[in-house]
1. For Thr339, Thr286, which order do you get if you count the other beta carbons within 10 Å of each Cβ and list the fewest first?
2. Alpha carbons only, please: Rg and Dmax for the chain, in angstrom.
3. Sort all Cα-Cα distances of the stretch 195-296 into consecutive 5 angstrom bins from zero, then give the percent of pairs in each bin up to the one containing the longest distance.
4. Determine the relative contact order of the stretch 87-240: mean sequence separation of Cα pairs under 8 Å and six or more apart, normalised by residue count, in whole percent.
5. Taking 7 Å along the Cα-to-C-beta vector as the label spot, tell me the Asn259-Lys112 distance in nanometres, rounded to one decimal.
6. What net charge is computed for the residues neighbouring Glu111, neighbours being all others with C-beta under 13 Å from the C-beta of Glu111, Lys and Arg scored +1, Asp and Glu -1?
7. How about the stretch 189-266: which trypsin sites (Lys or Arg not before Pro) there lie in a loop by DSSP and see at most 15 other Cβ atoms within 10 Å?
8. Using θ = phi - 60° and the Karplus curve 6.51 cos²θ - 1.76 cosθ + 1.60, what whole-Hz ³J(HN,Hα) does each residue of the stretch 318-328 get, with Gly and Pro shown as x?
Amino acid sequence: MRRTLLAIFIVLQLATAFGRAAVSPELAERREKLRKNMPDGVLVLFGAKESEDLHEGFYQEPNFYYLTGWEEPGAILVLTPEVDKDEPALPQRAKLPREILFLPQRVPSKEKWTGRKLGPSDPGVAQTTGFANVMPAERFESELRTILEAYPDIYALSSANATINRIAPLRTIVDAFEPIAKLRMRKSPAEITAIQRATDASVEAHKAAWRVMRPGLVEYEVAAVMVGSYMMDGCRRSAYAPIVGSGPNSTVLHYSRNNRKMDSGEVTVMDVAAECGNYASDITRTVPVNGKFTPRQREIYEIVLGAQKAAIAAIKPGMTMYKTTPNSIYQVAFDYINTHGKDLHGQPLGKYFNHGLSHHVGLDVHDADAKEPLEPGMVITVEPGIYIPEENLGIRIEDVILVTEKGAKNLSEALPRDTSELERALARQK
Ligand code: GLY
Ligand code: MN
Ligand code: MN
């Protein structure tokens, strides 16, 4: 008993020393579900390598993180399908491990630069990783060859095709994106809590931006306030490069130079959100720089907001969200925009809504998507926009929406979006 307690103590100490959270049972459940969807194939998934990129640092490959929770570089995951123990045809299948995590050996000279890693023979490696079978990465190829004697197909992401072709040149490689995406699209309660957390921090960041918003500020100064807000709120990084686009830049969809001085009379699109605990949010608000919309800005804003409200009201299980699919909330938003208001030439505004309406949000801001109809537990954005370069006027409103049994729950509803509420919030700050 004392030895067991001592072992638990050592593992907890090691986990704490490495800054690792306890392994969630959800991770093993995800792997089990995936194995059921790959009856005849072996999954091979490569984690991200140590980053040489000084801009971003290490960022684990999201599918790898989803299935392992592992955040160190150079790891490899192999899963073999569940076996029917009575299956007489290929008895060697039953003897193979169902899952192996391969970890690279520690390299002390590299650790001087990028920190201590967990090696495959470190004490407590099984408990720390949540994998009963942890092997050194140099054994990956020989283990895979053995496993492939029992299975015909290999599931892998397309980015790994060259590596797999080299190891197993004659095998069929099935794209693993779809079976993994089908799982990732349906968020667990823990994932929804994580997205809500990132969303709450992003809501506060937008409010912080409104407190400083004034003519004469440079766009990146607003971005700095927002990023500072959520990083001080416990979020590690931005979910994507912050977009703060004023005046003409408000019409550039993924503008990220953020280096223009904002002027009175303009609107600024702020598409900025946090990533917290590896989960993203994605929120856009468009506000008048001087705190008051002009009549034309207000008119266009109200149309975008009307389209967003109509699309959110149309959300329910079974609806879709793409430009060309039936029962699409995109079509609801497009029709609203195209039947309200006109451009300076008397033409309908639909052509100024020049992007999609929605995408899934999760580990990635544009999260895995197997293009299926909406279901309870999916988390998507609803983000209509109208961008009229001729008027230097771009408006986008974007919220994060959980699909429920009955319809939709707006996870970012704490952030005002009606024009009068926005103007009141901006005025209060002056
Ligand atoms: N923030 C990127 C997007 O809305 O797609
Ligand atoms: Mn988005
Ligand atoms: Mn966005």
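1. Values: Thr339 12, Thr286 27.
Listing Thr339, Thr286 from fewest to most nearby Cβ atoms yields Thr339, Thr286.
2. My reading of the Cα-based Rg and Dmax gives 24.8, 82 Å.
3. Once binned at 5 Å, the Cα pair distances of the stretch 195-296 give 3, 16, 26, 24, 17, 10, 4, 1, 0.
4. On the way: 111 pairs, mean separation 22.8, N = 154.
Relative contact order, the stretch 87-240: 15 percent.
5. Calculated label separation equals 3.6 nm.
6. Numbers: positive: Arg106, Lys110, Lys112, Arg116, Lys117; negative: Glu50, Glu72, Asp122.
My count for the surroundings of Glu111 gives +2.
7. On the way: sites: Arg197, Lys207, Arg211, Arg236, Arg237, Arg257, Arg260, Lys261; in loops: Arg236, Arg257, Arg260.
Here the sparse-neighbourhood loop sites are Arg236, Arg257.
8. Values, residue by residue: x, 6, 10, 9, 9, 4, 10, 9, x, 6, 9 Hz.
Read-outs throughout are calculated quantities, based only on the coordinates presented, and are distinct from any laboratory measurement. Just so it is clear, the model here is predicted, and its values are computed rather than measured. Note that each Cβ is placed from the backbone with ideal geometry, even for glycine, and that neighbours are counted across all protein chains shown.
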